[in-house]
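The values are calculated or read from the model by the stated rules, or taken from the named source; none is laboratory data. All figures in this text were calculated on a predicted structure; none of them were measured in a lab. Cβ placement follows ideal geometry from the backbone for every residue including glycine, while neighbour counts extend to all protein chains displayed. Ligands, DNA and RNA are stripped out before the accessible areas are found, and what is left, the full protein with its side chains, is counted by its heavy atoms. Shrake-Rupley method; radii C 1.70, N 1.55, O 1.52, S 1.80 Å.
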Amino acid sequence: MGLIINPRGTGGSGKTELARRILAAYGWGNPGQVQPIHRPGRDQPIAYRLRHPCGGRPLLVLGHYERRSGGCDTIPASHGGAEAIFRLADGGAAAGHDVLLEGSAWSAEHIRSTLLAQRHRLHVLALATPPEQAARNLAARRRARRDSWPLITRAVLAQRDTIEAACARLRGLAAVEAHGFDAALARAKELLGLDTAGGSAASGGRLRAA
């Protein structure tokens, strides 16, 4: 049985960048490392399967990362939405894959996450990025005017409260940890057995959004 890594955080907290760093550590861009998984009626992959650089369990990454936003946010309701995400994560972990489950919408989810935690080892890595920094990151990404920053900050604070409430519901069922970005990345690599991969992360291809 594999384990499920679930980074959570507000918009601008660094969830997608964390996922991209993990993909790079698995050798994204190197021939033979990445197998896209496609579904009928969908142009982009619904998931990727990556070989472990040290021979450990393969990693199943949900959604695609071929644009700026990625992960579970690229699996809309028309492609199965939350139920498809749950089935992919559940099936992947049951088949002996580690699973990376990342997305803004899933950060506040707790019902299906509870089911996953009852079936598998679910590790929630809550990014402790300060709301003001997350808001600045969002504003820069959107090229928003400075006078819109207070509104963005309020939205981030509301997201934070919702995510914290979801994480509180999962405590005792899942392993819920709060970390800054660097510590969260180090913890994810430790859980995935990448901390023994030496230079693998540096040799992986750079992951770019389409």
Margin query: residue 21 - would you say it is basic (Lys, Arg), touching a strand residue (DSSP E or B) at 6+ places or on another chain (Cβ under 6 Å) and modelled with pLDDT of 90 or more?
Written below: no
Next item on the list: Please state which one of 62, 88 is open to solvent by 10 Å² or more (accessible area, probe 1.4 Å), of a type outside the set (D, E, K, R), modelled with pLDDT of 95 or more and under 16 Å from the mean Cα position of the chain (by Cα).
Entry: 88
Check: From 101, 115, 60, 127, which residue is touching a strand residue (DSSP E or B) at 6+ places or on another chain (Cβ under 7 Å) and farther than 18 Å from residue 12 by Cα?
Finding: 60
Margin query: If I filter segment 155-175 for residues that are touching a His at 6+ places or on another chain (Cβ under 7 Å) and without any contact (Cβ under 8 Å) to a residue 60 or more places away in the chain, do I get at least one hit?
Written below: yes
Margin query: If I go through segment 91-115 residue by residue, how many of them are open to solvent by 60 Å² or more (accessible area, probe 1.4 Å), modelled with pLDDT of 95 or more and over 12 Å from residue 4 (Cβ atoms)?
Written below: 2
Item checked: Count of residues meeting criterion [more than 24 Å from residue 188 (Cβ to Cβ) and in a helix (DSSP H, G or I)] in segment 137-152 -> 10
Notebook entry, point to check: Which residues, taken from segment 37-54, are open to solvent by 10 Å² or more (accessible area, probe 1.4 Å) and without any contact (Cβ under 8 Å) to a residue 24 or more places away in the chain?
Noted result: 37, 38, 40, 43
Next item on the list: Confirm whether residue 49 is modelled with pLDDT of 95 or more, of a type in the set (D, E, K, R) and closer than 21 Å to residue 187 by Cβ.
Entry: no
Next item on the list: Looking only at segment 17-24, decide whether some residue is in a strand (DSSP E or B) and either surrounded by fewer than 23 Cβ atoms within 10 Å (Cβ to Cβ) or within 15 Å of the chain's Cα centre (by Cα) (or both).
Entry: no
Item checked: Lone qualifier among 4, 85 - being closer than 20 Å to residue 116 by Cβ, in a strand (DSSP E or B) and touching a residue at least 24 places away in the same chain (Cβ under 8 Å) -> 4
Next item on the list: Go through (1) out of contact with any Gly (no Cβ under 6 Å at 6 or more places or on another chain); (2) surrounded by 19 or more Cβ atoms within 10 Å (Cβ to Cβ) one by one and return the number of the condition residue 75 breaks.
Entry: (1)
Next item on the list: Could you list all residues from segment 156-175 that are part of a helix (DSSP H, G or I) and either closer than 30 Å to residue 95 by Cβ or more than 21 Å from the chain's Cα centre (by Cα) (or both)?
Entry: 163, 166, 167, 169, 170
